[in-house]
Amino acid sequence: MPPVNLLDFDQPGLAAFFAEHGEKPFRAKQVMRWMHHFGARDFGQMTDIARSLREKLAQMAEIRPPEVKTEQVSEDGTRKWLLDVGTGNGVETVFIPEHDRGTLCVSSQVGCALECTFCSTGRQGFNRNLQVSEVIGQLWLANRKLARDPEGDRVISNVVMMGMGEPLANFDNVVTALNIMLDDTAYGLSRRRVTVSTSGLVPAMDRLRDACPVALAVSLHAPNDALRDELVPINKKYPLAELMAACLRYLEKAPRDFVTFEYVMLDGVNDSVEHAKQLLRTVRGVPCKFNLIPFNPFPNSGYRTSRPENIRRFRDLLMQADHVVTTRKTRGDDIDAACGQLAGKVEDKTRRANRITTIRAAA
Ligand code: SAH
Ligand code: SF4
């Protein structure tokens with residue numbers, strides 16, 4: 001039997017695993033603490049656990065995060081790790097240090113099946129969901145790597161599920177990983193400091209609200225259904241009115257009293273005065289903040305970043321309507337670590353990459 005990877009379990013899961021093997025469930029707490037709080041990989045280190053159990057664990061289990069292929073450090077201190085997740089696939093994790101916090105941007109899938117037109121991950125197609133150990137393994141690895149850093153202030157205070165993939169399309173594994181992030185014996189992050197970003201999978205937003213209501217960001221990107229159908233095609237299934245209603249339901253349980261709407265600024269596509277006015281009408285009644293993301297280019301994207309004066313004009317119109325608006329600073333773009341630039345390495349199963357090339361060749 002191959003060893004069981006203990007990074008795949010949250011605390012209740014680990015307690016059940018111990019119970020199955022005739023061990024006391026409370027051992028789960030101790031082992032969680034060793035694995036996640038102290039970053040242990042070796043059962044021999046777990047000194048408050050009986051030697052016999054340590055030996056038994058070493059026989060049947062392992063603590064195995066994904067393998068780091070490369071590490072890149074940007075001029076602004078942003079770090080990007082490319083992780084090997086087997087059979088030619090790679091996903092990326094990004095650490096963004098700021099003066100008052102350190103944010104880890106975590107991937108949830110190898111590629112993404114949702115095909116947003118401005119997103120490099122979406123262009124690459126989809127291979128598979130990440131396992132729990134591969135999602136939480138990103139935090140496990142980054143913590144270990146940063147702890148070794150001579151500048152010891154680089155701690156992870158926030159996690160955003162904004163790397164590759166649509167987190168709510170890998171629901172069960174992402175929720176288990178979120179539980180580990182929040183668990184006091186593991187990382188002990190507060191629900192306010194963990195954010196799930198979704199392109200708007202309405203039924204899964206309702207399930208997240210009941211299972212693990214963390215902070216929510218919604219990728220809006222367009223103020224009307226016609227444009228959003230084009231940019232974020234999942235809108236055809238869950239149009240804006242339904243999405244806004246789901247945001248309101250989410251807020252009944254959310255740890256923050258607002259939803260963050262992400263809005264990528266695409267030159268000449270969604271950045272006019274009329275778009276801003278329409279956006280205000282669309283979100284009316286939903287407590288929210290806006291995060292404007294200047295489009296980060298990638299080869300053959302077909303889009304350009306909005307002009308700075310147009311981004312300012314858009315921001316001012318939202319602010320005049322009493323909204324809090326932040327414009328995301330582009331971080332780590334010299335190492336392709338900015339939003340939407342994460343490419344990793346996806347062995348596409350949907351053949352999307354081929355389809356696009358074929359369509360282009362035919363055009
Ligand atoms: N799949 C999730 C989370 C990952 S993407 C989602 O779509 O919400 C994190 C954010 O970056 C999303 O708002 C996404 O739309 C945005 N994004 C994607 N490609 C981008 C690009 N090229 N430039 C700027 N932002 C981009
Ligand atoms: Fe997937 Fe999000 Fe990219 Fe859309 S923006 S393709 S949902 S990763």
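The values are calculated or read from the model by the stated rules, or taken from the named source; none is laboratory data. Bear in mind the structure is a predicted one, so any value in this text is a computation, not a measurement. So basically every Cβ, Gly included, is an ideal-geometry build from the backbone, and we count neighbours across all protein chains shown. Areas reflect the complete protein model, heavy atoms only, side chains present, ligands, DNA and RNA absent. Shrake-Rupley method; radii C 1.70, N 1.55, O 1.52, S 1.80 Å.
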Margin query: Pairs please, first residue from the range 290-310 and more than 10 Å from Asp271 (Cβ to Cβ), second anywhere and in a strand (DSSP E or B) and away from ligand 1 (no atom under 11 Å from the Cβ), Cβ atoms under 6 Å, 6+ apart in sequence or on different chains.
Written below: Phe290/Val325; Asn291/Thr326
Notebook entry, point to check: Where in the range 209-320 are there strands (runs of 3 or more DSSP E), lying wholly inside it, with at least 2 residues that are small (Gly, Ala, Ser)?
Noted result: 215-219
Next item on the list: Could you please give the count of residues in the range 110-142 that are among the polar types (S, T, N, Q), within 8 Å of ligand 2 (Cβ to nearest atom) and over 13 Å from the mean Cα position of the chain (by Cα)?
Entry: 1
Next item on the list: Could you look through the range 138-150, keep only residues that are more than 16 Å from ligand 1 (Cβ to nearest atom) and open to solvent by less than 40 Å² (accessible area, probe 1.4 Å), and pick out the one that is farthest from Gly163 (Cα to Cα)?
Entry: Asp149
Check: Based on what the data block shows, is Asn89 surrounded by 21 or more Cβ atoms within 10 Å (Cβ to Cβ) and either within 23 Å of Pro2 (Cβ to Cβ) or at pLDDT below 95 (or both)?
Finding: no
Notebook entry, point to check: Any idea how many residues of the range 123-137 are closer than 14 Å to Thr176 by Cα, outside any loop (DSSP other than H, G, I, E, B) and within 15 Å of ligand 1 (Cβ to nearest atom)?
Noted result: 2
Checklist line | Residue list for the range 69-122, restricted to those being outside any strand (DSSP E or B), of a type in the set (Gly, Ala, Ser) and on the phi < 0 side of the Ramachandran plot | finding: Ser74, Ser107, Ser108, Ala113, Ser120, Gly122
Next item on the list: Please find, within the range 21-39, the residue that is surrounded by the fewest Cβ atoms within 10 Å (Cβ to Cβ) out of those that are at pLDDT 95 or above and under 24 Å from the mean Cα position of the chain (by Cα).
Entry: Arg33
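Yes or no, residue by residue, for (1) more than 15 Å from the chain's Cα centre (by Cα); (2) without any contact (Cβ under 8 Å) to a residue 12 or more places away in the chain:
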| position | (1), (2) |
| --- | --- |
| Asn170 | no, no |
| Val175 | no, no |
| Asp184 | yes, yes |
| Val202 | yes, no |
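So if I check each of Phe43, Phe9, Phe18, which one is touching a strand residue (DSSP E or B) at 6+ places or on another chain (Cβ under 9 Å) and surrounded by 13 or more Cβ atoms within 10 Å (Cβ to Cβ)?
Phe43
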Notebook entry, point to check: In the range 234-262, how many residues are within 14 Å of ligand 1 (Cβ to nearest atom), touching a Ser or Thr at 6+ places or on another chain (Cβ under 8 Å) and farther than 20 Å from Asn158 by Cα?
Noted result: 1
Notebook entry, point to check: On the given criteria, is Ala215 open to solvent by less than 10 Å² (accessible area, probe 1.4 Å), out of contact with any Ser or Thr (no Cβ under 8 Å at 6 or more places or on another chain) and touching a residue at least 12 places away in the same chain (Cβ under 8 Å)?
Noted result: no
Check: Is the range 108-122 home to any residue that is crowded, with 20+ Cβ neighbours inside 10 Å and within 26 Å of Ala40 (Cβ to Cβ)?
Finding: yes
Check: For the range 241-297, which residues satisfy the criterion of being closer than 20 Å to Met319 by Cα and of a type in the set (Ser, Thr, Tyr)?
Finding: Thr260, Tyr263, Ser272, Thr282
Check: Applying the selection to the range 163-197, what residues are surrounded by fewer than 24 Cβ atoms within 10 Å (Cβ to Cβ), outside any helix (DSSP H, G or I) and either of a type in the set (Phe, Trp, Tyr) or within 14 Å of ligand 1 (Cβ to nearest atom) (or both)?
Finding: Tyr187, Val194, Thr195, Ser197
Note to self: If I filter the range 251-262 for residues that are within 16 Å of ligand 2 (Cβ to nearest atom), surrounded by fewer than 18 Cβ atoms within 10 Å (Cβ to Cβ) and modelled with pLDDT of 95 or more, do I get at least one hit?
What the structure shows: no
Next item on the list: Report yes if Asn296 is at pLDDT below 95 and under 20 Å from the mean Cα position of the chain (by Cα), otherwise no.
Entry: yes
